[in-house]
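Contents: one structure, followed by commentary.
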Amino acid sequence: MFSYKIVLVGNFGVGKTSLIRRFVENSFSEEYLSTIGVSISKKTIGNATIMIWDIEGHTEFKPIFKQYLMGAKGFILVADLLRQETIEALQNHIDLCYAVVKDAPICIALNKCDMPHEISQREIEEISKLSPTVLKVLKTSAKENEAVEDLFLTLDTRIKESIKAD
Amino acid sequence: MSQKKKTDNEEEALEGALSPIVNRLIDKNFEKSGDKIASQMAPLIGGAIREQIKSQKDDIVDALYPVMGNMISKFVTKSFEELLNKINQQIQSGLSTQTIKRKLKAKLKGVSETELLLEENAHAKIKAALLIHKESGMLLTKVENEDANLSDADMLASMMTAIRSFVNEWVASNQEHQELGEIEYGGNKIIIEASGSSYLAVIVEGAAYTKTYNKIRHALEEIVLEYGDEIQEFQGDYSQLKQEEIEKKLQELLFKESDTKNKQAKENKTHPLLYIVPLLLLLFFAYKSYESYVDESLKDAITHNIVTTPALSPYAITIDVEDKNAVLKGRVPFAYHKELAYKKAAEIKGVTQISNNIEIIPTLTDPMQVSAQIAYLLKGLNLSSANRLNYTFDYKNLHLFGTIDSHKQKESLLKELSTIKGIENIQDDIIVTPLKINTALYFGRGSYKLSPLAQKELLSLLIKLKKKERAPLLVLDAYSDMIGSKAKNTSLAQKRMQNIIDFLKTYDSKLTFKSYVHHNPPKGVDPQKDHDKARCVTITAKEEK
């Protein structure tokens, strides 16, 4: 039996909640509901229970509470392919995560790939090199259920490995 | 100007015409779609009340006071009632160890007993306890009561951690090193007790006292002391954690707080049972000893009553009483004594049954008493003139001698003597000497009537005759005083004898007579000198051989 916590970090409106909803409930809603504080979901994969923390998106006026990140075994950083500033903010998020939990694996989701977007493979590679802890950078779509499972399962596999290694 | 006036008039007219219709419509609408109107009105009511409170606060207070006041007082009264009932119950539970303990505690602490009772009754019930990893919010282990209804403890643990994190972050930003201690909701609260790497979230129902906090703290201390390292190194693998052991520790907490009452209740329930057995035994013994006491006192009373009865005091009579049933035992000489003993025992109140097992054993073999009995018997016989009876008694051997009137008397004497215990051999030297009957009856001159003296003589003659086994032939000799004619004297003599015969026959018809008339006086009587003695009739018995 395993149980661990992962946290989704990203600017507001990038689709963190949508990704979680797709992964946990396999559903999607066009309606935008801003997460206030924190929302927690639970998903069981095999013998592991994952507690998924969906925290309030980062804004100019509201920093992310470090406390929410503590104790996480991994992070999913989310950016909106349609909003460049959210991609640029990834570095800050990585730094924040590293500061709180050293060496925790990170998966990066470039969300809303179902929408017309412009991002080169080179740019994606650059993102993956932001930190050695970055496992994977994926273009995802919660709406079209694209690479969502891959995103979570990649992280899950790595975390299980690290737990077993301990 | 006139145009405006016209319009006003038109409006007035229209209003007058429309208002009844509109009113009707509104009424109808209210009737038809009350629900719809209610739902439309509902959002407005809140605002309306708020506005009213803002402007006319007193009105609202006055309007609601009767309802609210009653509601509140009803609720408070009910709560107090329940509390009072509980306290009363505990006070009435009587002299249990709990009560004594409480009394002592009250004295030692200088607190009133009521206060302690209040504390006992303010039910702080721990519904559930969750041990949570401090950083990750992972649920390490949990315990819960049946009625806790923790639907998703993992979520609760994470949310609690999130809330805690939020508060701690916020407090930290205000530069105060304080932590979230508890969260209240409804009648419940979540008490949070944190250690280095984990914290306990304890869901408590009702008022929590210092006692409760101390218990929670103590439980966490124990867990941290024993499993602190494991918890600190917890990475998500439950197989690395001694979950069951920790759960056991937490379970204690649950028992200690929430089940103490149940336990106490159980103890209180088992207590009487435990007491009842020795109590029953005690009662049994008490009853038995009381019974034996009753029996003993009955025995004493009967014994006293029998011993103080002079007729019974010489005899050894033992009395046993069991279950108020008296048993009399012993030996007495006569049935009289047995009856008397029974009577005396029956006089004592409380005796339900008497078994009279007294034996009658005639034990009058005292030589003196035997001798006395013989003496009495013989003396009685000797009263009769002719008997001259005597005896010597050498214990068990009786020697009788003397004379007796008749065989009949002798036989009855021997028969009587044979009934006296203590006589074994009778040497009989009694000589039967028949009664001598020789009676002379005297008459007046020329009279043939029986004088009273003559009648008396005849009666004693009859007594003598009775003693004889066979009536003898009585010989009557009538003598003359030789005064007057021979014929007259003869007639007188016959009449005199006839009178005697008639008199005797009235008493004993079986008597036989032979009569002789003599023309001379009896022998040795001179009729000249002693003519009174010459006018006589003699009666003699002629014994048959």
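Just so it is clear, none of the values below were taken in a lab; they were calculated from the coordinates. In this text, all values refer to a predicted model and were calculated from it rather than measured experimentally. FYI the Cβ positions are ideal-geometry reconstructions off the backbone, even for glycines, and counts take in every protein chain you see.
A few comments on the model shown:
- Distance from the Cα centroid of the stretch B:381-410 to that of the stretch A:96-166 is 154 Å (rounded to whole angstrom).
- Span-rule helices in chain B, defined as complete DSSP H runs reaching 27 Å or more along the axis (Cα) with Kyte mean at least -1.0: B:34-92, B:153-173, B:210-232, B:260-307, B:486-507
- Residue (of B:A440, B:P521, B:T506) at the positive-pole extreme of the stretch B:438-542, dipole from beta-carbon charges: B:T506
- In this calculation the C-beta distance from A:A99 to B:E51 is compared with R0 = 45 Å, giving a FRET efficiency of 0.30.
- Restraint check, B:K467/B:K523; B:K103/B:K142; B:K379/B:K464; A:K136/B:K242; A:K136/A:K164; B:K101/B:K288, Cα-Cα greater than 27 Å: B:K467/B:K523; B:K103/B:K142; A:K136/B:K242; B:K101/B:K288
- Which of A:N47, A:S141, A:Y32, positive extreme of dipole for the stretch A:2-165 (C-beta unit charges): A:N47
- The stretch B:293-392 - convex hull of the alpha-carbon atoms, volume per residue in Å³: 99
- Whole-Hz Karplus values for the stretch A:22-27 come out as 5, 5, 7, 9, 6, 9 Hz, taken residue by residue from phi with 6.51 cos²θ - 1.76 cosθ + 1.60 and θ = phi - 60°; glycine and proline positions read x.
- Whole-number percent relative contact order across chain A, with pairs defined as alpha carbons under 8 Å at least 6 apart: 24
- Per-residue ellipticity at 222 nm, computed for chain A from helices alone with -39500 (n - 2.57) per DSSP H run of at least four residues, works out to -9500 deg cm²/dmol.
- In this simple spin-label approximation, B:N70 and B:N9 carry label points 7 Å from Cα along the Cα→Cβ vector, and these lie 5.7 nm apart.
- Between B:F80 and B:E221, the contour length at 0.36 nm per residue exceeds the Cα-Cα span by 47.1 nm.
- Computed from the alpha carbon atoms alone, the convex hull of chain B holds 619 Å³ per residue.
- Sites B:D530 and B:F334 - FRET efficiency at Förster radius 56 Å, r taken between beta-carbons, to 0.05: 0.35
- Here the relative contact order of the stretch B:367-432, from alpha carbon pairs under 8 Å that lie six or more residues apart, stands at 35 percent.
- Within 10 Å of each Cβ in B:154-167, the average number of Cβ atoms from other chains: 5
- For B:K456 and B:I426, the FRET efficiency from 1/(1 + (r/R0)^6), where r spans their Cβ atoms and R0 equals 35 Å, is about 0.40.
- Spin-label pair B:K242-B:I360: with each label point 7 Å from Cα along the Cα-Cβ axis, the two points sit 9.4 nm from one another.
- Each 10 Å bin from zero holds the following percent of Cα-Cα pairs in the protein assembly as shown: 2, 9, 10, 9, 8, 7, 6, 5, 4, 4, 4, 4, 4, 5, 5, 5, 4, 3, 2, 1, 0, 0.
- For the stretch B:495-545 versus the stretch B:1-69, the gap between their alpha-carbon centres in whole angstrom: 162
- A simple spin-label model places the labels of B:K36 and B:N390 15.6 nm from each other, with each point 7 Å out along Cα-to-Cβ.
- Per the Cα gyration tensor, the stretch B:122-241 maps to an equivalent ellipsoid with semi-axes of 21, 19, 15 Å, ordered largest to smallest.
- For the stretch B:403-458, trypsin sites (Lys or Arg not before Pro) meeting the loop criterion (DSSP other than H, G, I, E, B) and having at most 16 other Cβ atoms within 10 Å: B:K421, B:K436, B:R445, B:K449.
- Residues of the stretch B:9-44 with an amide N closer than 16 Å to a point placed 7 Å from the Cα of B:A63 along the Cα-to-Cβ direction: B:41-44.
- The listed peptides B:338-349, B:99-110, ordered by packing as a protection proxy, come out as B:338-349, B:99-110 (highest mean of other Cβ atoms within 10 Å first).
- Average projection area in nm² (convex hull over Cα atoms of chain A, one quarter of hull surface): 9.0
- Loop-located chymotrypsin sites (Phe, Trp or Tyr not before Pro) across the stretch A:40-84 with a Cβ neighbour count of 10 or fewer within 10 Å are A:F61, with loop assigned by DSSP.
- For chain B, calculated [θ]222 nm from helices alone, where every DSSP H run of n ≥ 4 adds -39500 (n - 2.57): -19000 deg cm²/dmol
- Amide H partners (placed H, <5 Å) of B:A326, local residues excluded: B:T352, B:Q353, B:I354, B:S355
- Taking amide H atoms as placed 1.01 Å from N in the peptide plane, the amide H of A:G10 lies under 5 Å from those of A:H58, A:V78, each 5 or more residues away in sequence or on another chain.
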